[in-house]
Amino acid sequence: MKKVFLLSTVMGILLYSCSSDSISSARPGSYVYKVRMTDAPGPYDEVNIDLRSVEVTGSNGQTVHLNTTAGIYNLLDFSNGLDTLIAVSNLSDSRVEQIRFLLGPNNTMVLGGVSYQLSTSSAEQSGLKLRVHQDLVADSENALLIDFDAHASIHRTGNGTYKLQPVLRTVVASVTGNLKGSIIPAGTPAVITATSSTGVAYSSGVNYLGQFQVSGLPPGTYIVNITPSIPFLPIVQTDVVVTAGTNTNIGILTLQ
């Protein structure tokens, strides 16, 4: 995923427990809007975030608190193409300019079977903001995927504690594509980086099966670097074409 600390703060405090598709059709003159969350794999047992609320701001400047499924989410449950619905509502504005998340204090990371508290002071005070600039379509399901990079979001402090500094970006599936594949031997840690022709880099990791997916890539041609742990050698693939709304599978890559 793109290494940009874009994350949007979400400020709502609506603890609404909705089912995965509880709002399926919009009222006349409104727009169905769904927010889903995904993650890139990381070298942890668990990364748990305390999601409290999601809100959006439209072109008219009004803020709407979405019907949010609040709770504790293990981000590592939603990687390599998996995601989960976290908020849904009918909106009256045809454009979403900004989305914000509000996290609670119960954020934790588990490493080697040991649980560590993740401090999130700034997120608790003002939320996590993200610019969207998304036009909505009537009589259609409008969706936004939030790509939460758990690996890049966790930082160890000098006193041995851990801090959550969320790294997120928005993905609109209709205008972006995905890159997927796998490496063998499975279980080898590796970082997958896709660099566009304009030099913008997006990255992800592999799961325990050796699978990876880099989501939300703008259409174009990419250089893909697979950087495994020592003693394996890096792999480079050039001229990998990604198109909007599709998955580009580069297959099984054997590490040497």
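This model, with +1 at the C-beta of Lys and Arg and -1 at the C-beta of Asp and Glu, gives the chain a dipole about its Cα centre of some 400 debye.
Would you check the accessible area of SER153, probe 1.4 Å, heavy atoms only, in square angstrom rounded to 10? Approximately 0 Å² of SER153 is accessible to the 1.4 Å probe. Across the chain, Cα-Cα pairs farther apart than 26 Å form 41% of the total.
Calculate, for the chain, the solvent-accessible area per residue in square angstrom, rolling a 1.4 angstrom probe over the heavy atoms of the protein chains. Using a 1.4 Å probe on heavy atoms only, each residue of the chain averages 46 Å². Across the protein chains, with a 1.4 Å probe defining accessible surface, the residues GLU46, GLU55 rank GLU46, GLU55 from largest area downward. In the chain, the calculated helix contribution to ellipticity at 222 nm averages -500 deg cm²/dmol per residue, counting -39,500 (n - 2.57) for every DSSP H run with n ≥ 4. So if R0 is 45 Å, what FRET efficiency would ALA138 and VAL200 give, r being the distance between their Cβ atoms, rounded to the nearest 0.05? Once the sixth-power term is evaluated, E becomes 0.90. Among HIS65, HIS155, the sequence by solvent-accessible area, most first, with a 1.4 Å probe is HIS65, HIS155. Projecting the Cα atoms of LEU209, THR157, SER59 onto the dipole axis of the chain, where Lys and Arg carry +1 and Asp and Glu carry -1 at the beta carbon, places THR157 farthest toward the positive end.
By accessible area, using a 1.4 Å probe on protein heavy atoms only, the chain has 53% of its surface on carbon and sulfur. Counting lysine pairs in the chain whose alpha carbons fall under 19 angstrom apart, excluding pairs fewer than 8 residues apart on the same chain, gives 7.
The values are calculated or read from the model by the stated rules, or taken from the named source; none is laboratory data. Keep in mind it's a predicted model, so treat the numbers as computed, not measured. Positions of Cβ are backbone-derived with ideal geometry, glycine not excepted, and every protein chain shown enters the neighbour counts. All accessible areas refer to the heavy atoms of the entire protein, side chains included, with ligands and DNA or RNA removed. Shrake-Rupley method; radii C 1.70, N 1.55, O 1.52, S 1.80 Å.
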